[in-house]
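Participant: Below: one structure in structure tokens.
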Amino acid sequence: MPKHKIMTPDQSSGRELTFEILKYNPRDPNSRPHLETYKIRETPGMTLFVALNMIREDLDPDLAFDFVCRAGICGSCGMMVNGKPLLACRTRTADYPDGRIRLMPMPAFELIKDLSVITGQWMDRMSKRVESWVHAKEKQDITRIEKPVDPDAADATFELDRCIECGICVASCATALMRPDFVGAVGLNRIARFEADPQDERTDADFYELVGDDAGIFGCMSLLACEDHCPKNLPLQEKIAYMRRKLSKA
Amino acid sequence: MSDLIEGYLGKRVDGTKSRVPAALDRWQSITGLILGLFIIGHMLFTSSILLGKDAMYAETKFFEGSLFLDEPEPILVGFAATVIFVIFVIHAGLAMRKFPYRWREYKLLKTHSAHMGHTDTILWMVQAATGFGMFFLGSVHLWTMMSMPEKIGPYASSDRIYTDNMGLLYGLLIALVILHAMVGLYRLSVKWGITVRRNPRADRIRNKKIMWGAILFFSLMAYSALGTYWRIGKEHRQNYGERYLPQSTNPSNSSGGGE
Ligand code: HEM
Ligand code: SF4
Ligand code: FES
């Protein structure tokens, strides 16, 4: 049964939005995965963040979803919106002209409940796997001024460091869904980030030890859903091809 | 010994990771590239029938070595077909490593493709499906060319397509190979960053357009050619087996021999 929101006067003017949202709690033996329908009125400039809070407040206090920053920075609100992985806080309901929005949790990650998944564990494993820290022989003496870094190299590193670990590239990637051990665009981008970092002394051969296999760089099937969905517009197509060329010769 | 170590440990004797995965990935692409370029040439040449029987006849003789040899040698064509077959088998063996093998993998891929509306993901499914189809149809065609390379020509090929019922197989194979090869060549460009180096995003869009254009162009050309062979084969069905003689050497074009 669709649930209807009791309308306040200022909301009665907006068009009606129909949400279908997956409801499921894997930890509750009585819970069955199903799509629940909710109808609300659109407000000006409404994002999915606003809509979901409205639904939780007025229609279903039990609905689980994650948000922290509401500004596309923290990377905790990724979900499948009409099949596409998006940051819910940056997705406007106005972009759905027919007013029908279906929300599913991101695949590839462990489901906590409804729309809430654990990306953290996955990212943690990825970080360890690609040894996501600067490898340098000399210990940094933090009491002294750092060695200067070439500004272009620093820019290149920071550009790739903009990743917010939202997991959207992983959720969009059919390869990652089919092969759960695949390191994913986020992991390959991380490799490219340290490859670009002048402070990291690792060689191509060192990176090959980390991702030189079919679960790493050679497992990528160039579907480019990562490139097409990354909310930070990271140059994933370019950087994965770049690492592939490098490691192919490593 | 090193095989024993690498086999069980996945490491080389110096303790570093095996380079075989890199080589497999490279050869998958190299064989794909060779096949893709080959098939473009192949379709252009077989479509010479659109320019007339004489053009197709001259082209057949050219590939049988007419430039260097006094007598045409169909075995040259048989040899070329064998080389392509070997590359085809290697490519299929390497690329099939990416197939969704288990039901869960297939189901995930299918659901994702259906709901995400992402063209390159859908095109990969097309590539896997068309590749799978070519295991069967491509092998039949290649075997024919390897085992009877002398039976190629304006009449011989048309007879095969019409009277020998290969037309349907070719009709399916054309769709499979055009989709697979054009999507494959596009994918090669983004996979390795070839031709998309200067402006990766814009160049990818351009390459994708070229891909669609090529699919359309080669489909029109190949199916027109197939239709022409079919028509010739139908007209020629009473004289099945008779070989074509070019108009220039024999204006009456009646008696056998030739080709
Ligand atoms: C039984 C026959 C074949 C099978 C099973 C097969 C399968 C595949 C698969 C699954 C891929 C995707 C690989 C990946 O995503 O990494 C692929 C790529 C490709 N295929 Fe095939 N294929 C076959 C025949 C052919 C033929 C006949 C051609 C050319 C006419 C061709 C050209 C290509 C190209 C250019 C690529 C891109 C290479 C790459 O991504 O590394 N394939 N093939
Ligand atoms: S690469 Fe892009 S899509 Fe992937 S986790 Fe980082 S920000 Fe998200
Ligand atoms: S809530 Fe932080 S990115 Fe959406």
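The values are calculated or read from the model by the stated rules, or taken from the named source; none is laboratory data. Note that the structure is predicted; figures quoted are calculated from it, not measured. Ideal geometry is used to build each Cβ from the backbone, glycine not excepted, and the neighbour counts take in all protein chains shown. Quick note on the areas: whole protein, heavy atoms, side chains included, nothing else; ligands and nucleic acids left out. Shrake-Rupley method; radii C 1.70, N 1.55, O 1.52, S 1.80 Å.
Participant: Out of everything in segment A:201-250 that is more than 9 Å from chain B (Cβ to nearest Cβ) and open to solvent by less than 10 Å² (accessible area, probe 1.4 Å), what residue ends up being farthest from the chain's Cα centre (by Cα)?
Facilitator: A:PHE207
Participant: Looking only at segment B:175-195, which residues are open to solvent by 30 Å² or more (accessible area, probe 1.4 Å), hydrophobic (A, V, I, L, M, F, W, C) and within 16 Å of the chain's Cα centre (by Cα)?
Facilitator: Result: B:ALA175, B:LEU176, B:LEU179, B:LEU185.
Participant: Shifting gears a bit: Name every residue in segment A:170-182 that is free of Cβ contacts under 8 Å to residues at least 40 places away in the same chain and more than 10 Å from chain B (Cβ to nearest Cβ), in order of residue number.
Facilitator: A:ASP181, A:PHE182
Participant: Kindly evaluate B:ASP203 against the criterion of being farther than 17 Å from B:GLN127 by Cα and within 14 Å of another protein chain (Cβ to nearest Cβ).
Facilitator: Judged against the criteria, B:ASP203 is a match.
Participant: Something else: On the basis of being away from chain A (no Cβ under 14 Å), open to solvent by less than 30 Å² (accessible area, probe 1.4 Å) and among the basic types (Lys, Arg), does B:LYS61 make the cut?
Facilitator: Criteria met by B:LYS61.
Participant: Now for a separate question. Could you check segment A:72-104 and list, in sequence order, the residues that are open to solvent by 20 Å² or more (accessible area, probe 1.4 Å), in a strand (DSSP E or B) and more than 13 Å from ligand 2 (Cβ to nearest atom)?
Facilitator: Of everything in segment A:72-104, those that are open to solvent by 20 Å² or more (accessible area, probe 1.4 Å), in a strand (DSSP E or B) and more than 13 Å from ligand 2 (Cβ to nearest atom) turn out to be A:ARG92, A:ARG100, A:ARG102, A:MET104.
Participant: Kindly indicate whether any position in segment A:183-200 is within 12 Å of another protein chain (Cβ to nearest Cβ) and touching a residue at least 40 places away in the same chain (Cβ under 8 Å).
Facilitator: No, because not a single residue in segment A:183-200 is within 12 Å of another protein chain (Cβ to nearest Cβ) and touching a residue at least 40 places away in the same chain (Cβ under 8 Å).
Participant: Another one. Assess whether B:ILE49 counts as being away from ligand 2 (no atom under 16 Å from the Cβ), of a type in the set (A, V, I, L, M) and away from chain A (no Cβ under 14 Å).
Facilitator: Judged against the criteria, B:ILE49 is a match.
Participant: Go over the candidates A:VAL183, A:VAL130, A:VAL117 one by one and state the one that is crowded, with 19+ Cβ neighbours inside 10 Å and within 16 Å of ligand 3 (Cβ to nearest atom).
Facilitator: The match here is A:VAL117.
Residues are listed down the side, and each one gets a yes or a no for (1) modelled with pLDDT under 95; (2) over 23 Å from B:PHE63 (Cβ atoms); (3) among the aliphatic types (A, V, I, L, M):
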{"site": "B:ARG104", "(1), (2), (3)": "no, yes, no"}
{"site": "B:GLU150", "(1), (2), (3)": "yes, no, no"}
{"site": "B:ASP159", "(1), (2), (3)": "no, no, no"}
{"site": "B:LEU173", "(1), (2), (3)": "no, no, yes"}
{"site": "B:HIS180", "(1), (2), (3)": "no, yes, no"}
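Participant: Take A:ALA153 and decide whether it is open to solvent by 10 Å² or more (accessible area, probe 1.4 Å), of a type in the set (A, V, I, L, M) and either more than 8 Å from chain B (Cβ to nearest Cβ) or in contact with a Ser or Thr (Cβ under 9 Å, 6 or more places away or on another chain) (or both).
Facilitator: Against the criterion (open to solvent by 10 Å² or more (accessible area, probe 1.4 Å), of a type in the set (A, V, I, L, M) and either more than 8 Å from chain B (Cβ to nearest Cβ) or in contact with a Ser or Thr (Cβ under 9 Å, 6 or more places away or on another chain) (or both)), A:ALA153 qualifies.
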